[in-house]
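Each remark here refers to the structure printed beneath this line.
We did not get these values from a lab; they are worked out from the coordinates using the rules stated. Keep in mind that what you see is a predicted model, and the values were worked out from it rather than measured. Cβ: placed from backbone, ideal geometry, glycine included. Neighbour counts: every protein chain shown.
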Amino acid sequence: MKIRGSFAAVAVAALVVGLVAPSGVAAGKKKSGPVVVATDDPADWGANVDPTIAPAGVPLGMEILEAAIGLSEDKKDILFIIKLAGPSAGGIPELVRYGWEFSVDGNAFQLNGGRTELLRGLCNPLHTDPPCPPNVGDPTVLTNFPFFVRSGSCTVGADCVVHAWVNATFDVAENTITIPVPLEVVEAKLGSKIGPMGGLFGSIYAAPGAVVTTNGLPHDAISIHKTVKLPKK
């Protein structure tokens, strides 16, 4: 879990990057697909504790290589894509957490989840609204890359509002986790700006933790400095 509160970093001003063709591409031919918003060192997991343990990040599913933002073909979902160095099955169930802090037109949200969420799916004590997620006990939700979409600082004693559960997909060939977030859940629309939010880990992170995750544990994190504008058409 991402810890913020008094330790939260100030959200960085971002360079607006539209989902359009880069400079040099012929006019009228827009580039389709997600926009890469950050890349990371391929061997820096755990450097906050001990740089020599970095090789363990790959088999644990916590070595992040890249992050991208896109829009689904039907233009109903924002796609948050985390590319890992491995393994082909994704992070260890219940013990690896992935987080992404972002803003939609200036309003802050968080994605937080993993390969399974059986423990926190029963009841996450940090969630204040609702105290327990709405899909409690549904194995099709809790065991299939579930992610909370939430807002608030989500620290002990602070507000943490769950807006929705979403199920991510894991691409075995590409080692990517794609998290679809419906536009209406985060009050987004075509043309909205999806930007970064700074926090104790950074904008995106992978860290161990069954219920609570702290930045004192070995982790990998990326700070994003770009904002993506969703296309209007």
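General remarks:
- A Cβ-based charge dipole, computed about the Cα centre of the range 40-195 with Lys and Arg at +1 and Asp and Glu at -1, lands at about 240 debye.
- Looking at the range 148-199, none of the chymotrypsin sites (Phe, Trp or Tyr not before Pro) sits in a DSSP loop with at most 13 other Cβ atoms within 10 Å of its own Cβ.
- Each peptide in 34-45, 112-123 was scored by the mean count of other Cβ atoms within 10 Å over its residues; highest first, the order is 112-123, 34-45.
- Global geometry of the range 137-192, whether rounded, prolate or oblate, following the gyration tensor of its Cα atoms and the 1.5 cut on a/c: oblate
- With the simple model of a label 7 Å out from the Cα in the direction of the Cβ, S151 to S72 spans 2.1 nm.
- The range 117-181, relative contact order in percent, only Cα pairs under 8 angstrom and at least six apart counted: 28 percent
- Chain lengthening between N48 and A158 when straightened (0.36 nm per residue, less Cα-Cα): 37.0 nm
- Simple spin-label estimate for I92 and D138 gives 2.9 nm between the two label positions (7 Å along the Cα-to-Cβ direction from each Cα).
- Calculated FRET value between E187 and A56, using beta carbons and R₀ = 41 Å, to 0.05: 0.55
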